[in-house]
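The structure appears right after this line, and notes come after that.
The values are calculated or read from the model by the stated rules, or taken from the named source; none is laboratory data. All of these numbers come straight from a predicted model, not from anything done at the bench. Every residue, glycine as well, gets a Cβ built from its backbone with ideal geometry; the counts of neighbours run over all protein chains shown. Accessible surface areas use protein heavy atoms only, side chains included; no ligands, DNA or RNA. Shrake-Rupley method; radii C 1.70, N 1.55, O 1.52, S 1.80 Å.
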Amino acid sequence: MKTMKSILTLVVLLCLTCYSSHAQQMFLVHQDNVKPSKFMEYEKIAKEFNEACMTHNLQMEWFAASANDFSYYYITPIENFAELDKRPMEDMAKAMGDKFTDLFNRYDACYSSHGNYIVVSVDELSYMPEGASESLEGQNYRKWFFMYYPPKHAKKVKEGMKAVRDMFASKGSKQYYRVYRSGFGAMENYYMVSVASKDEIEGAKEAKANNDVLGPERWETFSKVMNYISRMEEYSGEMRPDLSYSPK
């Protein structure tokens, strides 16, 4: 047991050192993998929960997103790991009593699995020349690209990501993107690239226009990443202001 505690302490310290050295924003993500047959019921419960949070003025915040594979994400900015020890829903649970328990029992029936982990924004790899917040008004549609890589290629992948960002900048690309990396709680290393647009149609048009701007030589630069990743996953989805929450 002492050995296990020592290992866990070392892991947390290594994560803390990593985060502080990059000085980037951390986000706690709660992910619900909803059963396709239950997503309409899930949506109903999620909106009920938001209303309850507003009624009790819950003192925490999150912005929500849903993906085309019926996964839902609740993303909360955090400053440090100490925030994970807080129990912001404790007073709300006491006030609601059995209604709070019933609400989460209904939630449990809607998903096959759920869990928490941390992701970290990586501004130095993001291409946002005009700057922007995490939520872009009028641009709730998202394309998410996950690039998984083995630890031995971490340096090469990061160098490749920088090369891609520099290419976008040199070409004057109008397709901006944010980059996040896996953090504490993730079993694999990955970078996630998030591309925002108005909707799926506009996103496709913008992607085509961007390919024209970058030209065929883009593949040589992209290969500086592709040559070192183990796999890539692509998802589409949207930010969900209707399921997001912030206190009064």
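Summary table
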item: Crossing angle, helix 98-108 versus the chain [Cα axis fit, 0-90 degrees, rounded to tens]; result: 40
item: Net charge of Cβ neighbours under 15 Å - reference T221; Lys, Arg +1; Asp, Glu -1; result: +3
item: Three-way shape call for the range 99-235 based on the alpha-carbon gyration tensor, with the a/c threshold at 1.5; result: oblate
item: Cα-Cα separations in the range 153-217 greater than 18 Å, expressed as whole percent; result: 48
item: Rounded if a/c under 1.5, otherwise prolate or oblate - the range 119-195, Cα gyration tensor axes; result: oblate
item: Length gained when the stretch K248-R87 is fully extended (0.36 nm per residue, less Cα-Cα span); result: 56.1 nm
item: Helix 200-214 axis, angle to the chain major axis (alpha carbon atoms, nearest 10°); result: 30
item: Shape metrics for the chain, restricted to C-alpha atoms - Rg then Dmax, Å; result: 19.7, 61
item: Accessible area of the range 130-248 belonging to carbon and sulfur atoms, whole % at 1.4 Å probe; result: 52
item: Rounded percent of accessible protein surface that carbon and sulfur make up, the range 59-109, 1.4 Å probe; result: 50
item: Top of S71, S230, S173 by mean-square fluctuation, Gaussian network on the chain, Cα under 10 Å; result: S230
item: Spin-label zone in the range 72-115 - amide nitrogen under 20 Å from a point set 7 Å from the Cα of E188 along the C-beta vector; result: 72-73, 112-115
item: Charge sum, other residues only, whose C-beta stays under 12 Å from E206's C-beta, Lys/Arg counted +1 and Asp/Glu -1; result: +1
item: Extended-chain gain in nm, criterion 0.36 nm per residue less alpha-carbon gap, H30 and D199; result: 58.4 nm
item: Expected 222 nm ellipticity per residue - DSSP helices of 4 or more, -39500 (n - 2.57), all of the chain, to 500; result: -12500 deg cm²/dmol
item: Helix 154-171 axis, angle to the chain major axis (alpha carbon atoms, nearest 10°); result: 70
item: Modelled label reach - A207, point 7 Å along Cα→Cβ, the range 49-86 residues with backbone N closer than 14 Å; result: 68
item: Anisotropy class of the range 29-76 from Cα gyration tensor, a/c 1.5 cut; result: oblate
item: Relative frequency of Cα-Cα separations exceeding 18 Å in the range 89-148, percent; result: 65
item: Accessible area per residue, Å², the chain with all protein chains present, probe 1.4 Å; result: 58
